[in-house]
Amino acid sequence: ARPVPRPPRAPGAAAHGLRVLVRAARTGAFWLLAGVYAICGATTNGIMWSHWVPAAHDHGVGATAAASMLSLIGIFSALGALVSGWLTDRLDPRRLLVVYFAVRALTLLALPQALAAGAGPALLAFTVVYGLVDIATVPPVIALANDRFGADGPIVFGWVTTFHQLGAGVAAFAAAAARELLGGYDPVWLVLSAACLVAAPLALVAVAPPGRR
């Protein structure tokens, strides 16, 4: 195969990105996706990757065992994302998001009991199930952004991802504050589980790809 020539450099990329943001921000679909993805960030990066080890330590799980389970979450996250991409090509991405957030809500709700049981089967089951839906939300959100915003979809997804990271940052800080003030993470899991139940209906009313309503 012959090498593909490098495309010409496009000037004004930053300005174009801002123009896309201004246009997208005038639509309800953008804010629905941003809200859903902010909750996604809060219930993944914001809490799990930042607070999993100290939360497990609070329940007597050693740092090595906790870190190993976090690695398992990462492995199953990759598998979940792969399967989610396949499903997104065949099913309504809105309904996939509803399922993912519902499963995430249930796992977070059950996490205090799993942690209380220590490094055993319950906690291992959590790492598998939670891992499968950890980043499975990415393909459906990309599909919704592309179908709603067309050629601007990839740029819109970039801006939506900004809200994902903002949600993660707020959750990371709030969880640390809650642990200091309340002595543990149990209220945090409850609040984040409820947030996932809010994200599920938000995802359902987000714009769907043509022909999949």
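Quick one: which of 11-18, 129-136 comes out on top by average Cβ neighbours within 10 Å, and what's the full order, highest first? Kindly include the intermediate steps, with their values, before the conclusion.
Working: 11-18: 10.6, 129-136: 23.5.
Per-residue Cβ counts within 10 Å, averaged per peptide and sorted highest first, yield 129-136, 11-18.
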When the helix-only estimate is applied to the chain (DSSP H runs of n ≥ 4, each -39,500 (n - 2.57), divided by the residue count), what is the mean residue ellipticity at 222 nm, nearest 500 deg cm²/dmol?
-26000 deg cm²/dmol
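Per residue, how much accessible area does the range 17-204 show when a 1.4 Å probe rolls over the protein heavy atoms, in square angstrom? Don't jump to the answer; show the numbers that get you there.
Working: 8250 Å² over 188 residues.
It amounts to 44 Å² per residue over the range 17-204.
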Convert each backbone phi in the range 188-205 into a coupling constant with the Karplus relation 6.51 cos²θ - 1.76 cosθ + 1.60 (shift: θ = phi - 60°), then list the ³J(HN,Hα) values in order as whole Hz, x for Gly and Pro.
5, 4, 5, 5, 5, 4, 5, 4, 5, 5, 6, 5, 4, x, 4, 5, 5, 9
Backbone HN-Hα couplings from phi across the range 35-49 [Karplus 6.51/-1.76/1.60, Hz, Gly and Pro as x]:
x, 4, 6, 5, 5, 4, x, 5, 9, 10, 3, x, 10, 6, 6
Pick from F126, F173, F76: which is most flexible by mean-square fluctuation in a GNM of the chain where alpha carbon atoms under 10 Å apart are linked?
F173
Across the range 127-138, in residue order, what do the Karplus-derived ³J(HN,Hα) couplings come to in whole Hz, using 6.51 cos²θ - 1.76 cosθ + 1.60 with θ = phi - 60° and x for Gly and Pro?
4, 6, 5, 4, x, 4, 10, 4, 10, 5, 6, 4
Please report, as a whole percent, how much of the solvent-accessible surface of the chain comes from carbon and sulfur atoms (probe radius 1.4 Å).
71 percent
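Provide Rg over Rh for the chain; use the alpha carbon set for both Rg and the Kirkwood Rh (inverse mean inverse pair distance).
1.03
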Cα centroid of the range 120-194 to Cα centroid of the range 91-112, whole Å
11 Å
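The values are calculated or read from the model by the stated rules, or taken from the named source; none is laboratory data. Remember, predicted model here, so these are calculated numbers, not experimental data. Please note: Cβ atoms are built from the backbone with ideal geometry, for glycine as well, and neighbour counts cover all protein chains shown. Ligands, DNA and RNA are stripped out before the accessible areas are found, and what is left, the full protein with its side chains, is counted by its heavy atoms. Shrake-Rupley method; radii C 1.70, N 1.55, O 1.52, S 1.80 Å.
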